[in-house]
Amino acid sequence: MNLDYNSITDQGVSHLCDALKNVNCKLTELTLGYHGLTDQSASCLCDVLKGITCKLTGLDLKLNLITDQGVSHLCSALKDRNCKLTKLNLSHNSITDQGVAHLCDAIKHIDCKLEELDLNANNIFYQGKMQLFAAQNYGLMVNIAW
């Protein structure tokens with residue numbers, strides 16, 4: 001479901017998360033780009049992704065205001081055995097090398113199923129890029145400007 005350019009707020013994501021937790025929800029792909037969503041939305045989505053009924057395999061949060069704190073929440077979900085995410089787009093946010101460290105830790109976790117990660121246009125420098133380069137040894141395809 002592509003919800004780009006719909007003026008959804010963190011409160012709206014909270015309501016959406018309630019629907020995603022429903023056992024009857026069949027949604028596997030969710031795109032929430034261009035909204036100005038914050039770490040609050042990342043935290044809400046983290047709770048959903050950890051749920052046994054969640055079927056999301058793709059999550060696109062491009063062009064928002066997510067920081068390393070939000071990445072930390074998402075990494076908590078990536079390490080959860082119930083999380084089914086294989087694709088995550090966090091391009092054009094406010095993620096730094098610290099957020100990359102969280103992501104690389106999650107990628108190495110036995111329960112992480114992530115195969116594709118987009119981190120283009122963040123505040124990631126040499127150290128973070130080298131960590132991502134090493135993470136590719138875990139079968140991860142990383143999209144970032146080298």
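Miscellaneous remarks
- Helix 126-135 vs. the chain, principal-axis angle (Cα, 0 to 90°, nearest 10): 70
- By the helix-only formula, in which each DSSP H run with n ≥ 4 contributes -39500 (n - 2.57) and the sum is divided by residues, the chain has a 222 nm mean residue ellipticity of -11000 deg cm²/dmol.
- Nearest 10 degrees, 0 to 90: helix 10-20 Cα axis against the chain principal axis: 70
- For segment 28-143, the spread of Cα positions along each principal axis, largest first, Å: 38, 32, 19
- Taking a ≥ b ≥ c as the square roots of the eigenvalues of the Cα gyration tensor, segment 78-142 is classed as prolate, since a/c reaches at least 1.5 and a/b is larger than b/c.
- A cut-off under 15 angstrom between Cβ atoms defines the neighbours of L16, and their net charge, with Lys, Arg +1 and Asp, Glu -1, is -3.
- For segment 8-50 versus segment 66-122, the gap between their alpha-carbon centres in whole angstrom: 16
- Rel. contact order, % - alpha carbon contacts under 8 angstrom, at least six apart, the chain: 19
- Relative contact order computed over segment 77-146 (Cα-Cα under 8 Å; 6+ residues apart), in percent: 38
- Helix 68-78 axis, angle to the chain major axis (alpha carbon atoms, nearest 10°): 70
Every number in this text was worked out from the coordinates using simple rules, so none of it is lab data. Please read these numbers as outputs of a predicted model, since none were measured by experiment. FYI the Cβ positions are ideal-geometry reconstructions off the backbone, even for glycines, and counts take in every protein chain you see.
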